[in-house]
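Colleague: Take a look at this one; I'll ask things after.
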Amino acid sequence: MTAREATRGAGAILITGGSSWIGEQVALVLAAAGVTARLWLAPGAVTPPVVRAGWAHGERADAWNYASLRGRGRGVQLLLHCVGSLQTDASRGLSAQQLNLAAARNVINMAVQDGVPQFLLLSSAGAPWLPRDYLAAKRAAEQFLARSGMRQAIVRAPLAFEKGGRPFLFRFLSALAWLPLLGNGSPMPRLQLARGVAQLALQLLREEVDTSGPVGSHRGRIYRGRDLRRLARDAPELLRALRPAPEPEEEALPFGWNPP
């Protein structure tokens with residue numbers, strides 16, 4: 001079964017955090033596979049090029065306002081949750097828990113209520129350079145998802161960097177990803193991470209639609225850096241017109257967006 005056959009119908013894949021680099025780049029990879037995803041865009045955020053070009057459907061949604069999410073997951077076959085951030089702001093009440101757990105709980109509850117069959121959570125790999133409160137919030141979101149009863153998978157993604165940019169240390173650690181002690185937490189290029197996540201979403205979706213396949217093999221499984229690198233090798237190549245433009249370095253770390 002092809003990716004297009006498995007995802008026939010508009011909005012089979014819903015991506016939260018569509019205003020972020022990871023949400024947009026995953027949508028670009030899916031577009032190269034013939035899949036048009038739905039992207040949730042932060043209120044007031046600029047419409048990304050992938051939506052303006054018609055390669056994804058954009059819609060405004062506030063993941064911190066649960067009442068506004070009711071019914072937004074109907075018809076979705078797989079939900080990829082990318083909302084979150086390392087950048088806290090105590091003056092605005094934006095703690096690690098608020099940014100990375102509160103929104104996840106709202107979206108998971110919505111998915112359960114709307115009958116979304118599969119949930120793919122973008123979490124974080126553990127690494128000594130990441131704040132403890134950030135990792136604690138990510139693990140709490142994983143535990144909340146585990147209690148939901150949905151068919152689920154978790155991506156513990158490492159930090160990502162723009163290829164050709166970022167400090168030399170990130171590129172050096174990425175080159176050492178084959179070492180057992182570094183592989184899963186080693187930073188990786190943004191596009192490689194997006195390709196791995198997109199390929200995983202396609203594989204999960206094919207198994208859900210094709211009932212003759214090994215249903216349930218991904219339930220609760222955690223995918224790490226080495227898995228993403230392997231998956232990225234099988235992901236579709238982007239057409240030149242679909243390749244994302246480089247973003248400013250200060251936007252490299254957050255996965256999603258901050259609440260308004």
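Colleague: Which order do R195, R233, R156 fall in if you start with the one that has the fewest other Cβ atoms within 10 Å?
Modeller: Values: R195 26, R233 10, R156 22.
Lowest to highest Cβ neighbour count: R233, R156, R195.
Colleague: Also, I was wondering about something else. Packing-wise, with mean Cβ within 10 Å as the measure, how do 35-43, 196-204, 224-232 rank, highest first? Don't skip to the end; give the middle numbers.
Modeller: On the way: 35-43: 23.3, 196-204: 25.3, 224-232: 19.4.
Highest-to-lowest ranking by the protection proxy: 196-204, 35-43, 224-232.
Colleague: While we're here: Take N109 and E59, extend 7 Å from each Cα along the Cα→Cβ direction, and tell me the distance between the two endpoints in nm.
Modeller: Result for the modelled spin labels: 2.0 nm.
Colleague: Which cross-chain or sequence-distant (5 or more) residues have an amide H under 5 Å from the amide H of L94, H modelled 1.01 Å from N in plane?
Modeller: Close amide H contacts, sequence-distant or interchain: D89.
Colleague: Follow-up. With each label point set 7 Å from Cα along the Cα-Cβ vector, what nm distance links Q87 and S148?
Modeller: Going from the Q87 label point to the S148 one covers 2.6 nm.
Values quoted throughout were computed directly from the atomic coordinates according to the rules given, and no laboratory measurement underlies them. Treat the numbers as computed from the prediction; the structure is a model and nothing was measured. Neighbour counts run over all protein chains shown; Cβ positions are idealised from the backbone, glycine included.
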